[in-house]
Amino acid sequence: MTFEVKDTGEIQKVAMKDDTAKGKVILNKTDKSSGEPLKGVEFELRDSKGKVLETLKTDAAGHAESKLYEIATFKNGKYDAAIKYYLVETKTLDGYTLDQSKHEVTFAYADDSTPVVEVTFNLTNEKPEVPETPNTPDTPQSHEETKISNAPKTGDSTNIWLPILLLVTSTGGMAGLYISRKRKSK
């Protein structure tokens with residue numbers, strides 16, 4: 001930095017102040033498929049603690065710019081650390097999916113002759129895929145009459161009369177044997 005003090009014969013006060021570089025966010029928002037600019041999409045620029053510093057809204061060209069912000073912290077007049085900001089989409093157009101990403105903004109200090117450091121985001125939104133409505137199936141038509149049975153279906157196809165016949169026959173045979181032995185023992 002250079003400055004000139006002219007010899008006027010009077011006492012001159014000279015004050016010097018270091019102006020630090022500032023940062024600005026530039027945003028371009030377009031449709032992912034067509035590339036058309038999206039007007040009216042809203043974003044918040046937040047500090048590292050989540051405090052909203054500014055709300056940005058895209059214009060007809062899908063463009064928005066932030067105010068100027070500090071890009072770094074300084075100690076004893078020297079660069080200490082970059083300040084982080086976050087860009088968050090808060091409102092999108094009807095029919096588009098809201099981008100829930102938290103875009104980190106860090107301004108890279110170029111040199112002491114660059115007054116404004118710009119960070120540009122080229123972001124896109126997409127329309128969600130809407131599944132086709134399936135055709136409604138036709139009502140099935142039956143040409144045969146269906147018999148309605150009150151008996152439950154168990155899946156067993158065994159003929160029940162054969163076991164009953166065997167049971168009655170063996171019970172009768174045992175009863176006959178018992179009676180015949182009783183007569184012989186008298």
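The values are calculated or read from the model by the stated rules, or taken from the named source; none is laboratory data. Only a predicted model underlies this, so the values are computations on that prediction, with no experimental measurement involved. Methodologically, a virtual Cβ is constructed for each residue, glycine included, from the backbone with ideal geometry; neighbour enumeration extends over all protein chains shown.
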**OP:** Search the range 33-84 for residues being within 24 Å of the chain's Cα centre (by Cα) and among the hydroxyl-bearing types (S, T, Y), and hand back the single one that is nearest to A21 (Cα to Cα).
**Re:** S48
Original post:
Of all the residues that make up the range 91-113, how many are surrounded by 13 or more Cβ atoms within 10 Å (Cβ to Cβ), modelled with pLDDT of 90 or more and either farther than 19 Å from L27 by Cβ or in contact with a helix residue (DSSP H, G or I) (Cβ under 8 Å, 6 or more places away or on another chain) (or both)?
Top reply: 0
**OP:** Only one of these is without any contact (Cβ under 8 Å) to a residue 12 or more places away in the chain, over 18 Å from N125 (Cα atoms) and β-branched (V, I, T): I11, I71, I83. Name it.
**Re:** I11
**OP:** Would you check which residues across the range 48-87 are closer than 15 Å to V119 by Cβ and charged (D, E, K, R) and list them?
**Re:** E54, E65, K67, E70, K84
